[in-house]
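Enquirer: Here's a structure for you.
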Amino acid sequence: MISTWEVPDVTIRLRLPAADAGLAVFACSPAAEALRSLHVLYDAKHHPLHISWVLRTRELTDPQLRAEADRFAFWLADRPLTLHEIWPATDARPWHEELAALREAPIEAFADQLIHAALTRRGHGRRVPLCEFRKDDALMERASAAVESRHPASLSVLRDLIEDPQHCRERFAAFLDRYWQACLATDWPDLERYLLDDVARRGRTASRHGLIPMLGGLSPHIYPEPGSGVVVIRPPAASKNADPLEITLQEHDQIQLVPSHFVWPQLTAVVRRDRNGDDDRERQTVVIAYALEQMQQQGRAPVPPQELLRLLRSAGDSTRLQILQLLAGHPRSTRELAGLIGLTEAGISKHVKLLQEAGWIKPERRGYYVYHHLVRDTADRLVHGLDEMLG
């Protein structure tokens, strides 16, 4: 049995096990990217980096394809439609196999997602199975009212879902295939290469620096809590005052990391729970879809020249460069840095203070000792700022 819910506007506090090797896996799905791109197509005002792509893509769609897209707009415009049971993030398959998976999956894997979106707001609420939904007039009326109030053209799809779910799925599959062939197929080899390059780069970061630093570098909306084994995922729309959703992962659980061209400036997180058929043990999977690093760099505000000067001056010393190099491996105490570099603790403290004031490092007290962490985003800002200034 699988239960799935999205938490687009809720902060997740994710506690990782001490042995986190193998906990995270990367993958990308052409079908999931297609669904995310359709959301961007309908919500371009919230995705400014994609405006040019949206204008170009609209020119590639004929009136018939646009009309069918409008009929599915209820499930595409407010947020990306997710069909994780049909397209698992760990299965990287070509388009024709993903399309076949959609057509061959149990009908509930498709229909229940559409029903859930029609009965809930922002993904919250009880999941109603297809068989129960079709027998309950009150639920069907409620769903129809919600769809008609927001996207009247989508009412025909909901009626089709109620009367003939198999036909509705085939209709969706045919629409999605037409959209893919018209708008994404030609560009997919290049898009996929960027995705795979990002996966390889993040994988190297994890092997060199550990899982938590790598997760912290995925997005500005992910915050590791130093020394605690906790990572906080706070999407842009999440309330800072609301209690976070507490998730504790075990060694048999999994984090699925899915890079995307079409997520920025958002971040999506999906939590799944299912039971292992062999030992009936519950397994949790957290699926995080994050923006490609190049998209995040393009979306950053220009770095003021004064800040660039401050970063360069603070790092422009052989001892301070040694400190940054040592902290790139893992956090270290002042005493450890002093011993490795060959200076007194007082001498090291002066350099550490300058780096901390400039934003290169941040402290964390562990009992008697203060450990210093490298702030990797600072290096990214420096490189981004120099690229902008020097062209």
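Enquirer: Looking at the stretch 163-238, what helices (runs of 4 or more DSSP H) fall wholly within it and have at least 1 residues that are within 30 Å of S144 (Cβ to Cβ) and charged (D, E, K, R)?
Expert: Passing ranges, in order: 165-179.
Enquirer: Out of (1) closer than 22 Å to Y42 by Cβ; (2) at pLDDT 85 or above; (3) touching a Pro at 6+ places or on another chain (Cβ under 7 Å); (4) not polar (S, T, N, Q), what's the single condition that is false for P259?
Expert: It fails just one condition, (3).
Enquirer: Can you tell me which residue in the stretch 239-257 is nearest to D198 (Cα to Cα), limited to those that are among the hydrophobic types (A, V, I, L, M, F, W, C) and open to solvent by 10 Å² or more (accessible area, probe 1.4 Å)?
Expert: That would be L245.
Enquirer: If the requirement is being surrounded by fewer than 18 Cβ atoms within 10 Å (Cβ to Cβ), among the small types (G, A, S), over 18 Å from L35 (Cβ atoms) and out of contact with any Ser or Thr (no Cβ under 9 Å at 6 or more places or on another chain), which of these qualifies: A174, A145, A185?
Expert: None of the others qualify; the one that does is A145.
Enquirer: Take R283 and decide whether it is modelled with pLDDT of 80 or more, farther than 20 Å from G217 by Cβ and surrounded by fewer than 16 Cβ atoms within 10 Å (Cβ to Cβ).
Expert: Yes.
Enquirer: Report whether or not H221 is loosely packed, with under 14 Cβ neighbours inside 10 Å, modelled with pLDDT under 95 and under 20 Å from the mean Cα position of the chain (by Cα).
Expert: no
Enquirer: Here's a follow-up. Would you tally the residues in the stretch 339-356 being within 39 Å of the chain's Cα centre (by Cα) and open to solvent by less than 30 Å² (accessible area, probe 1.4 Å)?
Expert: Within the stretch 339-356, residues that are within 39 Å of the chain's Cα centre (by Cα) and open to solvent by less than 30 Å² (accessible area, probe 1.4 Å) number 3.
Enquirer: Could you tell me whether the stretch 79-93 includes any residue that is touching a helix residue (DSSP H, G or I) at 6+ places or on another chain (Cβ under 9 Å), open to solvent by 20 Å² or more (accessible area, probe 1.4 Å), among the small types (G, A, S) and in a loop (DSSP other than H, G, I, E, B)?
Expert: yes
Yes/no matrix, rows are residues, columns are (1) farther than 20 Å from H39 by Cβ; (2) among the aromatic types (F, W, Y); (3) buried (at least 17 other Cβ atoms within 10 Å of the Cβ):
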{"site": "D197", "(1), (2), (3)": "yes, no, no"}
{"site": "A206", "(1), (2), (3)": "yes, no, yes"}
{"site": "P213", "(1), (2), (3)": "yes, no, yes"}
{"site": "P236", "(1), (2), (3)": "no, no, no"}
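Enquirer: Kindly evaluate R134 against the criterion of being surrounded by 12 or more Cβ atoms within 10 Å (Cβ to Cβ), not hydrophobic (A, V, I, L, M, F, W, C) and not in a helix (DSSP H, G or I).
Expert: For R134, the condition - surrounded by 12 or more Cβ atoms within 10 Å (Cβ to Cβ), not hydrophobic (A, V, I, L, M, F, W, C) and not in a helix (DSSP H, G or I) - is not met.
Enquirer: Assess whether D317 counts as being farther than 30 Å from L23 by Cα and of a type in the set (D, E).
Expert: Yes.
Enquirer: Please pick out the residue among P305, P331 that is exposed (fewer than 14 other Cβ atoms within 10 Å of the Cβ) and not acidic (D, E).
Expert: Exactly one of P305, P331 is exposed (fewer than 14 other Cβ atoms within 10 Å of the Cβ) and not acidic (D, E), namely P305.
The values are calculated or read from the model by the stated rules, or taken from the named source; none is laboratory data. Not measured: the values here are computed from a predicted model. As a convention, Cβ positions derive from the backbone with ideal geometry for all residues, glycine included, and neighbour counts pool all protein chains shown. Areas reflect the complete protein model, heavy atoms only, side chains present, ligands, DNA and RNA absent. Shrake-Rupley method; radii C 1.70, N 1.55, O 1.52, S 1.80 Å.
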